[in-house]
Structure formats: structure tokens, C-alpha cells
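The values are calculated or read from the model by the stated rules, or taken from the named source; none is laboratory data. The structure presented is a predicted model; accordingly, all values stated were derived computationally and were not measured. With ideal geometry, Cβ positions are generated from the backbone for all residues, glycine too; neighbour counts draw on all protein chains shown. Areas reflect the complete protein model, heavy atoms only, side chains present, ligands, DNA and RNA absent. Shrake-Rupley method; radii C 1.70, N 1.55, O 1.52, S 1.80 Å.
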Amino acid sequence: QTFEILYKKLDSLYLLENFSGCLNLEPAIVPLIGARQDTLVANTLFYIGDSYRNDFKIEVALTYFLRERDLRKSLLPVDPEGYSNSLYNLMHTYDQEGNVRAAVEAGRAIIEFDEQYYGVESEQYVYSMGDFVDLLLQIDRWQAAEQILKEGGSKISKSSRFSGLVEAKLGYVYTYTGLFGKATNCFTNSIPAIEQHYGETSKEYQLTL
């Protein structure tokens, strides 16, 4: 069978979360990749890698995720979101493996890429920064999380719809560390801006309250 036919089967199995079925296709589809380099191959590497991750075979998953990242990087500017997502997957998989240093490096790579490609006044950059901060808090690096938000926030215009979100996230960091006075100041400043840009019924506003 051709790569294209097997890819369709793999894609269907992955969407059904049939990870064992995806792994059963591995011996047939991987040799067909050869020198081919496109987004279908990148997707294939992700599907198989994520199937291994769901099977708790983290080391094998990482080998596929690294191949996917390198391929997606070589394909830029095609599918920048795919490249950013590949870094996101690496960040969380390294964290799952317990490799804190590699997880942090992947997190920094995400926000650096999203800042460069999309700009600081973008949803991609702001939400990637938030995801990275969540990781830093999880591994008890709150000072690094604070620094990331302060540096990122300083690049965003005060009139931006994202400014309040970043300041609210900083408030969560201070709440996490018990610095409630600083947290209160952040929430006091951010809530009016979030209400103005997103409205009282928005999830952004409700999550800040």
C-alpha cells in the first residue's frame, strides 16, 4: 500500500483515539517515509509519537516528537502553528519524563518563536506564555514565571486586549507564592481592562474574578 493510503488509515485511527491501532501501522508506514518531507510526514511522526506517549513509552515518543519538530522547522514558513505545537508537545512530554531542564528549554523556544513569528500583540504569543508559566509554577520556579510575565508584559501595549490577561496571570503567580498584596494589585489593575475588551460574560473575565 502507498504512503497516502496508510496515512489516511493512521489519521482515522488517531482521531478515534485508537492508539494501539496507530502503533500497529508503524512498521508499515514509517519505512515508506524515505526522503519525503512534508506536513503529512510530520503529522505521521506526531501520531505515532503521541500513541507511544499514551502507551507510557515516553522515550520512544520523544524520538518521534524530536523528528517531527526538526521536520516542521525545516518546512517553515509552511504551517508555523504545527511547529509551535511540536514544541508544546515536547515541553509537556519532557515534563512527563521528569526532564525539567529540557522542558524549560522547549517552553522558552515556544514563546521565542511565537514572539518572532506572530508578534507580542498576538493570541499565540500570549497564550503560549501562559502555558509556559503554568509549567514553571508546576516545577516550583515562580521567580522565572514572574520574570517571563514581566518581560512579556512590558512588550505589550497597555491599550492591548492582552495586557490585562498578562497582568492577571502575574496575579495568579503572586497568589501561588503567597504574595497576596501584589496579587491584589494585579487583579485590581487587570479586571477593568479585561471587562472592557472581553465583557463580563466572557471566560477571560470570569476566570479573573
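Which residue, of 205, 127, is surrounded by fewer than 16 Cβ atoms within 10 Å (Cβ to Cβ), assigned to a helix (DSSP H, G or I) and in contact with an Asp or Glu (Cβ under 9 Å, 6 or more places away or on another chain)?
Only one candidate qualifies: 127.
Anything in the range 1-22 that is closer than 14 Å to residue 54 by Cβ and open to solvent by 70 Å² or more (accessible area, probe 1.4 Å)? List them, or say none.
Those that are closer than 14 Å to residue 54 by Cβ and open to solvent by 70 Å² or more (accessible area, probe 1.4 Å): 15, 16, 17, 20.
Just give me the residues in the range 135-161 being open to solvent by less than 70 Å² (accessible area, probe 1.4 Å), within 21 Å of residue 89 (Cα to Cα) and not in a loop (DSSP other than H, G, I, E, B), in sequence order.
Selection gives 135, 136, 137, 144, 145, 148.
More than 27 Å from residue 52 (Cα to Cα), of a type outside the set (S, T, N, Q) and part of a loop (DSSP other than H, G, I, E, B) - does that describe any residue in the range 86-98?
no
So, of the residues in the range 163-173 that are crowded, with 22+ Cβ neighbours inside 10 Å and not basic (Lys, Arg), which turns out to be nearest to residue 137 (Cα to Cα)?
Among those residues, the one meeting the criterion is 173.
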